[in-house]
Amino acid sequence: MINANPEVEFCHGDIGSERKPLMPCTIVIFGASGDLTARKLIPAFYHLFKDKQMPPSFRVIGFARREKTDASWRAELRAALDQFSRTKPVDDKVWHAFAENLSYCQGDLTDEAAYQKLEAQLTSFGSGPLRENILFYLAVSPSQFGDVVEQIHHTGLLNKESTGWQRIVVEKPFGHDLASAHALNRELTRYAHEQQVFRIDHYLGKETVQNILMFRFSNSIFEKLWNRNSVDHVQITVSEKLGVGERGGYYEEAGALRDMVQNHMLQVLSLIAMEPPVSLEAEAVRDEKVKLLKSIRALSAADVAKQIVRGQYFAGNVGGDPRPGYRQETKVKPDSNVETYVAMKLLIDNWRWSGVPFYLRTGKNLPLSASEVRIQFRPTPNVLFAAQCGNNLDANALTLRLQPDEGISLRFNGKIPGTTLGARPVRMNFSYNTEFGAYTPEAYERLLLEAIAGDATLFIRRDEVETAWQIVDSIRAGWEGKALTNREFYAAGTWGPIAADDLLSQLGHTWHEPQAIK
Ligand SMILES: NC(=O)c1ccc[n+]([C@@H]2O[C@H](COP(=O)([O-])OP(=O)(O)OC[C@H]3O[C@@H](n4cnc5c(N)ncnc54)[C@H](OP(=O)(O)O)[C@@H]3O)[C@@H](O)[C@H]2O)c1
């Protein structure tokens, strides 16, 4: 890249660490005929290949039950790529060069003979790194993880003490409560070391989420303010404009708490609030994230009643688009108490954050889709401008916009020009697109590359998953057997139930509404 401004020195590469050259490897995708493979995985590998980021030599083997040939699988993937690629049109020449590396292995996940076929395909690549270095991507149901891991172990494909490397990538959901997450983790680590297991939360692949660490720990002016002395409270909002739509069946089992809070929101919270890690090594970063999650104050049933708000949408309209109520959605029980919205106040019992409320909220059928973190600073003493400016004098706030219109803005007071002493909040705004141009790799591209490189920083460790489930389980226990009350329903297209506003008003706070992208 040309540095247009010679006074500005760029720091290139990974955050603080040089990536080692990638070794040749084979990627085995279990669930190769599924939605995830077509929509996310193959487009991500294609773009990595196009951008010359794949290892110098690689193969992708797709494993699934349906009958297919190499040619028919490639043709299906090509059609999907035309639909889902982030760059269009798909480059034919690049696709053909990429597709030569793809082959299909038909079989059932429970059938030993199918793994012999897989082994034979891998062995046909020779005895070198394409046979030894294997990334197993489990794009199948979590209930099938145990079978796959056992079979690849018995076939000699997964070796704890191998000369090459073998890694297993798994997708959420990582269980549906602590006990099931525990059981799943036990199955995964029966034949593999924890270091070989890469748990994906695609939120961590987003540039803006990764930028939280850079922002916090490379800017001294903010780091000094990042504690209870200066911060009044923190708000994390992940709002979704869509309702549950066709996913009613899934949502009845999940709900907003399991679907969004257990993973994405607690991940963002831990990055925002954790202590500086001793290095950017995976274990150092993950140690700090776990420490933070463990310092969230435990919630008794009485705390849940006071600090956690559920919500469920009834019929309304979002931006003029009429939406049915949740209980009228397909595959949803007419008297369902499943939450489509959750808001909470969490307290972190450590030196830095003692007494600072962290408010989290997420919901469906809200007015717009946006994710942001707002750091609300304490106000100044109300002595100098109170008479002239009254309530117009704002406390400073820093907003990290994770999506859309990714960027950061700082709100402070400016004097309104003129002969009187009027004030108005104004913003300093940094926008990713304006500053760096549109750079929009999919989160999966970054994550797949890290998995191939063996860097687990952006993946979730076993104890992180389990600690997050502990928090979520205590909330669910508090809700057990309690029906939703009137104050917990909200009309589709509004910012959630009244109870969520009450939660903040207890301490004189109000929710900050994310801005619609212009
Ligand atoms: N789709 C997403 O965007 C997304 C996002 C986050 C997480 N996930 C998770 O990723 C996993 C896969 O999701 P998906 O949406 O791709 O599911 P999907 O479309 O239902 O695909 C499932 C895949 O598993 C294969 N499969 C199922 N049983 C099998 C068996 N006995 N033997 C061999 N292959 C078998 C299917 O192959 P056949 O149909 O050929 O039998 C198919 O390729 C799930 O755990 C999901 O929760 C998905």
Practice item. Can you work out which of the residues in the range 164-183 that are among the charged types (D, E, K, R) and in contact with an Asp or Glu (Cβ under 7 Å, 6 or more places away or on another chain) is farthest from the ligand (Cβ to nearest atom)? Key: ASP177
Study note, to complete from the structure: Taking the range 145-157 and keeping only residues that are part of a helix (DSSP H, G or I) and either within 14 Å of the ligand (Cβ to nearest atom) or in contact with a strand residue (DSSP E or B) (Cβ under 7 Å, 6 or more places away or on another chain) (or both), one is left with PHE145, GLY146, ASP147, VAL148, VAL149, GLU150, GLN151, ILE152
Review point. In the range 9-29, which residues are at pLDDT below 95 and among the polar types (S, T, N, Q)?
Key: SER17
Study note, to complete from the structure: Of the residues in the range 51-83, those that are within 25 Å of the chain's Cα centre (by Cα) and over 18 Å from GLY31 (Cα atoms) number 4
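Results for (1) modelled with pLDDT of 95 or more; (2) on the phi < 0 side of the Ramachandran plot, shown as yes or no for each residue.
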| site | (1), (2) |
| --- | --- |
| ASP463 | yes, yes |
| THR467 | yes, yes |
| ILE475 | yes, yes |
| TRP479 | yes, yes |
| ARG487 | no, yes |
| GLY493 | yes, no |
| GLY496 | yes, no |
| ALA500 | yes, yes |
| LEU504 | yes, yes |
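Matching residues to (1) assigned to a helix (DSSP H, G or I); (2) at pLDDT below 95:
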residue	(1), (2)
SER143	yes, yes
ASN159	no, yes
GLY164	no, yes
VAL169	no, no
PRO173	no, yes
HIS176	no, yes
GLU187	yes, yes
Review point. From the residues in the range 483-518 that are in the same structural domain as LEU347 (by TED's automatic domain parsing) and aromatic (Phe, Trp, Tyr), which one is nearest to the chain's Cα centre (by Cα)?
Key: TRP495
Check your understanding: Tell me, which residue of the range 56-72 that is away from the ligand (no atom under 16 Å from the Cβ) and in a strand (DSSP E or B) is surrounded by the fewest Cβ atoms within 10 Å (Cβ to Cβ)?
Key -> ARG59
Review point. Within the range 173-220, which residues are closer than 18 Å to LEU135 by Cβ, among the charged types (D, E, K, R) and either surrounded by 20 or more Cβ atoms within 10 Å (Cβ to Cβ) or touching a strand residue (DSSP E or B) at 6+ places or on another chain (Cβ under 7 Å) (or both)?
Key: ARG199, ASP201
Review point. So how many residues does the range 399-454 have that are under 25 Å from ALA387 (Cα atoms) and among the basic types (Lys, Arg)?
Key: 4
Review point. Of all residues in the range 335-394, which are closer than 15 Å to PRO497 by Cα and in a loop (DSSP other than H, G, I, E, B)?
Key: ASN337, VAL338, GLU339, THR340, LYS364, ASN365, LEU366, PRO367
Check your understanding: Scanning for something touching a residue at least 60 places away in the same chain (Cβ under 8 Å), part of a helix (DSSP H, G or I) and charged (D, E, K, R), does the range 426-435 turn up at least one residue?
Key -> no
**Study point:** Residue satisfying condition, being closer than 30 Å to GLY311 by Cα and either touching a residue at least 24 places away in the same chain (Cβ under 8 Å) or surrounded by fewer than 18 Cβ atoms within 10 Å (Cβ to Cβ) (or both), within set ILE416, ILE375
**Key:** ILE375
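Which one of these is assigned by TED's automatic domain parsing to the domain that holds GLN235, outside any loop (DSSP other than H, G, I, E, B) and in contact with a strand residue (DSSP E or B) (Cβ under 7 Å, 6 or more places away or on another chain): VAL304, VAL309?
VAL309
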Practice item. State the number of residues belonging to the range 73-113 that are within 16 Å of the ligand (Cβ to nearest atom) and either touching a helix residue (DSSP H, G or I) at 6+ places or on another chain (Cβ under 8 Å) or not in a helix (DSSP H, G or I) (or both). Key: 19
Review point. What do you reckon, is SER270 modelled with pLDDT under 95, assigned by TED's automatic domain parsing to the domain that holds LEU366 and among the polar types (S, T, N, Q)?
Key: no
**Study point:** Failed item in (1) surrounded by fewer than 17 Cβ atoms within 10 Å (Cβ to Cβ); (2) touching a helix residue (DSSP H, G or I) at 6+ places or on another chain (Cβ under 6 Å); (3) not hydroxyl-bearing (Ser, Thr, Tyr), with PHE30 passing the rest
**Key:** (1)
Point to revise | Which listed residue, of ARG258, ARG247, is in a helix (DSSP H, G or I), in the same structural domain as GLN403 (by TED's automatic domain parsing), more than 25 Å from GLN470 (Cβ to Cβ) and not hydroxyl-bearing (Ser, Thr, Tyr) | key: ARG247
Exercise for review: Inspect all residues belonging to the range 30-38 and state whether any of them is closer than 13 Å to LEU102 by Cα, away from the ligand (no atom under 13 Å from the Cβ), outside the structural domain of ALA284 (by TED's automatic domain parsing) and at pLDDT 95 or above.
Suggested key: no
Point to revise | Residue satisfying all of: in the range 291-310; among the hydrophobic types (A, V, I, L, M, F, W, C) and surrounded by fewer than 21 Cβ atoms within 10 Å (Cβ to Cβ); farthest from GLY496 (Cα to Cα) among these | key: ALA298
Review point. In the range 189-226, how many are in a loop (DSSP other than H, G, I, E, B) and hydroxyl-bearing (Ser, Thr, Tyr)?
Key: 3
Check your understanding: In the range 479-518, what count of residues is obtained for those that are within 18 Å of TYR359 (Cβ to Cβ), of a type in the set (Gly, Ala, Ser) and surrounded by fewer than 19 Cβ atoms within 10 Å (Cβ to Cβ)?
Key -> 2
Review point. Limited to the range 272-290, what total is found for residues that are crowded, with 16+ Cβ neighbours inside 10 Å, out of contact with any strand residue (DSSP E or B) (no Cβ under 9 Å at 6 or more places or on another chain) and either assigned to a helix (DSSP H, G or I) or not aliphatic (A, V, I, L, M) (or both)?
Key: 8
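The values are calculated or read from the model by the stated rules, or taken from the named source; none is laboratory data. The shown structure was predicted, so the numbers you read here are calculated from the model rather than taken from an experiment. Cβ: placed from backbone, ideal geometry, glycine included. Neighbour counts: every protein chain shown.
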